[in-house]
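Each remark here refers to the structure printed beneath this line.
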Amino acid sequence: MDKLFQAILVVVIVAAFIIYRVTRKKKKKIAPFPANWHQLLLDHVEFYAELSTSEQNRFQQRIMIFLNEVYIRAFRLN
């Protein structure tokens, strides 16, 4: 009985490890925030200009994370 329990335990641990490896999200390398975007945001996004420098940096990081995780598909407007 003890060997059966050990065998089942090993199978469960191996299965859990395999499931973990298959289902975990792989982190992609996030591109740096383009320098010219900062001025575009200041000129065209009112609330961005009102943010402190640290809040602007946080917003920039979140933009890059969003763009890294979401596929944006272009289409024709004609």
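The values are calculated or read from the model by the stated rules, or taken from the named source; none is laboratory data. The structure presented is a predicted model; accordingly, all values stated were derived computationally and were not measured. Positions of Cβ are generated from backbone atoms using ideal geometry, with glycine treated the same way; all protein chains shown enter the neighbour counts. Surface areas here come from the heavy atoms of the whole protein model, side chains and all, with no ligands, DNA or RNA. Shrake-Rupley method; radii C 1.70, N 1.55, O 1.52, S 1.80 Å.
Looking only at the stretch 33-47, filter to residues that are among the aromatic types (Phe, Trp, Tyr) and not in a loop (DSSP other than H, G, I, E, B); which one of those is surrounded by the fewest Cβ atoms within 10 Å (Cβ to Cβ)?
PHE47
Residue-wise test of (1) among the hydrophobic types (A, V, I, L, M, F, W, C); (2) open to solvent by 90 Å² or more (accessible area, probe 1.4 Å); (3) part of a helix (DSSP H, G or I).
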| position | (1), (2), (3) |
| --- | --- |
| PHE5 | yes, yes, yes |
| ALA16 | yes, no, yes |
| ALA31 | yes, no, no |
| ALA49 | yes, no, yes |
| SER54 | no, no, yes |
| ARG58 | no, yes, yes |
| ILE63 | yes, no, yes |
| PHE66 | yes, yes, yes |
| PHE75 | yes, yes, no |
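Report the residue count in the stretch 28-78 for those that are in contact with a helix residue (DSSP H, G or I) (Cβ under 7 Å, 6 or more places away or on another chain) and aliphatic (A, V, I, L, M). Give the derivation first.
Looking only at the stretch 28-78, we keep the residues that are in contact with a helix residue (DSSP H, G or I) (Cβ under 7 Å, 6 or more places away or on another chain), and these are 28, 30-31, 33, 41-42, 48-49, 51, 56, 59.
Among the residues that remain, those that are also aliphatic (A, V, I, L, M) are: 30-31, 41-42, 49, 51.
Residues meeting the conditions: 6.
Hey, among the residues in the stretch 55-78 that are free of Cβ contacts under 8 Å to residues at least 12 places away in the same chain and more than 17 Å from the chain's Cα centre (by Cα), which one's nearest to TRP37 (Cα to Cα)?
GLU55
Among the residues of the stretch 19-26, is any surrounded by 10 or more Cβ atoms within 10 Å (Cβ to Cβ) and at pLDDT 90 or above? I'd like the intermediate steps shown before the answer.
If we filter the stretch 19-26 for residues that are surrounded by 10 or more Cβ atoms within 10 Å (Cβ to Cβ), which is where we start, we get 19.
Now drop any that are not at pLDDT 90 or above, which leaves none.
So far as the stretch 19-26 goes, no, none of its residues is surrounded by 10 or more Cβ atoms within 10 Å (Cβ to Cβ) and at pLDDT 90 or above.
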